[in-house]
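These notes are about the structure you will find just below.
The values are calculated or read from the model by the stated rules, or taken from the named source; none is laboratory data. Nothing here was measured: the structure is a model prediction, and the numbers come from that model. With ideal geometry, Cβ positions are generated from the backbone for all residues, glycine too; neighbour counts draw on all protein chains shown. What goes into the accessible areas is simple: the full protein's heavy atoms, side chains included, and nothing from ligands, DNA or RNA. Shrake-Rupley method; radii C 1.70, N 1.55, O 1.52, S 1.80 Å.
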Amino acid sequence: MPLSLLALALASFGIGTTEFVIMGLLPRLAHDLDVSIPRAGFLVSGYALGVTVGAPILAIATARLPRKTALKLLMIIFILGNLCCALAPGYWTLMAARVLTAFCHGAFFGTAAVVAADLVPRDRRAQALSLVFAGLTLANVFGVPLGTALGQWAGWRSTFLAVCAIGVVAYVAMIIWVPDTSTGTRIRITSELGVIRRRPVMLTMIISVICSASLFSLFTYIAPLLETRAGLSPHMVTIALLLFGAGLTLGNLCGGRLADWKLLPSVMGILVVSILTLLLFLITDQYEVPAMFTLFTWGAIVFALVPPLQYRVVLTAREAPNMASTLNQGAFNLGNAIGAWLGGLVVPTAWSYGALPLVAAVLAAVALALTWRAW
């Protein structure tokens, strides 16, 4: 079981790296492709929308396949997508390659979550999910900084080639270590979607969207916030982001244990602490060390929500766990886009970056109210 989860975590590490490393490569990409940095930034949005659109399409396309076969097929798409990114001759071909890569994201995490839950006893399922998602958080700690450094040294194409190599290793590891926990079954799409329309399933997905929006309404603009409010240098911002990534990893693992203990009460408790931390950030974001400490704490708290919410969807959609789990990944990415948009509305106002923690806190409060309703 640990080796099976390690193989899935390695794949999620590669997927997380290719999703987030583009942010560190934007200046180099913009220069080489002869586009503005804001236009190059659409490569981030294109990936997020690719996840949102691709999740249901590939969930339906792979529904009749054995889960291990589906995971291998999705990893092949990931490898080919990153290879196309590395070889892309221009901006639009790179955009198309990014969207192709993103298509496997939601379906992979959705299927991997169900497989991980099947590999362990019922009282450890959320912890198993947190181990799979640990690859995603570790990508922010190690994959993104190393990928950015490699891209700055050898060109951005080398970063995508390195991610391809990670994908190949993960593919081999899955062949060797991941057992097949199911066989392909005939499904009726209408019945699958009927399960998704159940109130507990739909409400959990809405909570996922709002929690993700809360995170990205602040995190999208965290670098300029730290520079303008706390006076951090670009080097210190990098250190702050590393601390944030370490917090994400710690919170992800703790969230799995809390979900196995008390699922929805844990989510409500995490959201309460998140709101209090964000309100504290309204004060500490003006001081270097307190701002960095608060950012680490908030990272640990906010990502503790991911395993419980993902497990809640799998639990409440027993007859269609793959479809529901995959669509919940699309919900998280939809929240990414909404959060970045809401934060972008606030930044040009008189309140500017200083109001972003309050926006994130308000969204977390809405998620808390919905979670109480679900409970």
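Within the option set N322, N328, N333, being more than 16 Å from the chain's Cα centre (by Cα), modelled with pLDDT under 85 and assigned to a helix (DSSP H, G or I) holds for one residue only, N322.
A quick yes/no check of all residues on (1) closer than 20 Å to A355 by Cβ; (2) hydrophobic (A, V, I, L, M, F, W, C):
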| residue | (1), (2) |
| --- | --- |
| A246 | no, yes |
| L250 | no, yes |
| K262 | no, no |
| G269 | no, no |
| I283 | yes, yes |
| F293 | no, yes |
| L309 | no, yes |
| A317 | no, yes |
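The residue of the stretch 221-276 that is most open to solvent (accessible area, probe 1.4 Å), among those that are part of a loop (DSSP other than H, G, I, E, B) and free of Cβ contacts under 8 Å to residues at least 12 places away in the same chain, is K262. If you go through the stretch 143-163 and keep only what is surrounded by fewer than 19 Cβ atoms within 10 Å (Cβ to Cβ) and modelled with pLDDT of 90 or more, you end up with R157, S158, L161.
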